[in-house]
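The values are calculated or read from the model by the stated rules, or taken from the named source; none is laboratory data. Please read all numbers here as calculations on a predicted model, not as lab measurements. Note: ideal-geometry Cβ built from the backbone for every residue, glycine included; neighbour counts use all protein chains shown. These area figures cover heavy atoms from the full protein model, side chains too; ligands, DNA and RNA do not enter into them. Shrake-Rupley method; radii C 1.70, N 1.55, O 1.52, S 1.80 Å.
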Amino acid sequence: TLAERQAAASPVSAGTPGPRVDLPYYTALEKSVGEKLQATAQAEIGRDPFGKTVLSRLNANGKPDLPPIIIEDQSGSVVAQYDYRRRALVLDREGIMASVVSTVHPAQRVALRASLPTRAALMAYLEAHPEAVTAIVKENDALIVHEMTHAWQDRRDPIFREMARGNIPDIQPLEYEEEAYKTKNLYLRSKLK
């Protein structure tokens, strides 16, 4: 009947969300490293004229409000992603490890990699070595710009929120990817200039 069709077409309501927990960081060490990555990313990307535009899109109360940055093991060939459920930028641990080992002499790289077998060990190393945090951001700034564009899209449009609520299927809108790649390419072009 018409009434049944109307009822079936109505989206599921998630209700009023409860208080937000202190995610995405699970430990004080993760939070400290994440904040250092945020500050370094803001400084590095903000040096570039177009990078300033990217950061200004994430403004809250007149200053950039970057999403939390997390280092986790990602599946497959994923090197980074914007996790819209946690509203955080997630970097792959293996990709980060490559940036970290590039900070030492080639003869020491195998030993450094072997000394960092877990994510916790990597976090402790990053906490103690700010030059490694800087290397991560310098080698991955375009990637971070791409994922920050997804964070901006999440704040700008309701699509990711509706996916998190279950009102629409989990998808990656092609237009969002196109916009993120164009933004990344404009950032690279600006850096080259």
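The GNM of the chain, with springs linking C-alpha atoms under 10 angstrom apart, assigns the highest mean-square fluctuation among Lys63, Lys52, Lys138 to Lys63.
Where only DSSP H runs of four or more residues are counted, the chain gives -19000 deg cm²/dmol as its mean residue ellipticity at 222 nm, each run worth -39500 (n - 2.57). Between the alpha-carbon centres of the stretch 49-87 and the stretch 170-190 there is a gap of 13 Å. Among (i) 19.1, 74; (ii) 16.7, 49; (iii) 19.8, 62, only one was calculated for this model; which label is it, if the read-out is Rg and Dmax of the Cα atoms in Å? Working out Rg and Dmax of the Cα atoms in Å from the coordinates points to (i). In the elastic network of the chain, a GNM with C-alpha springs shorter than 10 Å, the most mobile of Asp83, Asp170, Asp154 is Asp170. Which of the residue pairs Lys36/Lys193; Lys52/Lys184; Lys31/Lys193; Lys31/Lys184 have a Cα-Cα distance greater than 23 Å in the structure shown? Over 23 Å apart, Cα to Cα: Lys36/Lys193; Lys31/Lys193; Lys31/Lys184. Placing R0 at 41 angstrom, the Cβ-Cβ distance between Arg119 and Ala7 gives a FRET efficiency of 0.30 after rounding to 0.05. Highest mobility in the GNM of the chain, judged by mean-square fluctuation with C-alpha springs under 10 Å and restricted to Ile45, Ile168, Ile96, is found for Ile168.
Bridge orientation summary for the chain: considering DSSP beta bridges with both residues in this region, about 60 percent are antiparallel. Could you state the angle between the C-alpha long axis of helix 174-192 and the longest principal axis of the C-alpha atoms of the chain, as a value from 0 to 90 degrees rounded to the nearest 10? On a 0 to 90 degree scale, this one is about 30. Accessible surface computed residue by residue for the stretch 1-158, with neighbouring protein chains in place and a 1.4 Å probe, gives 54 Å² per residue. A cut-off under 14 angstrom between Cβ atoms defines the neighbours of Arg189, and their net charge, with Lys, Arg +1 and Asp, Glu -1, is +2.
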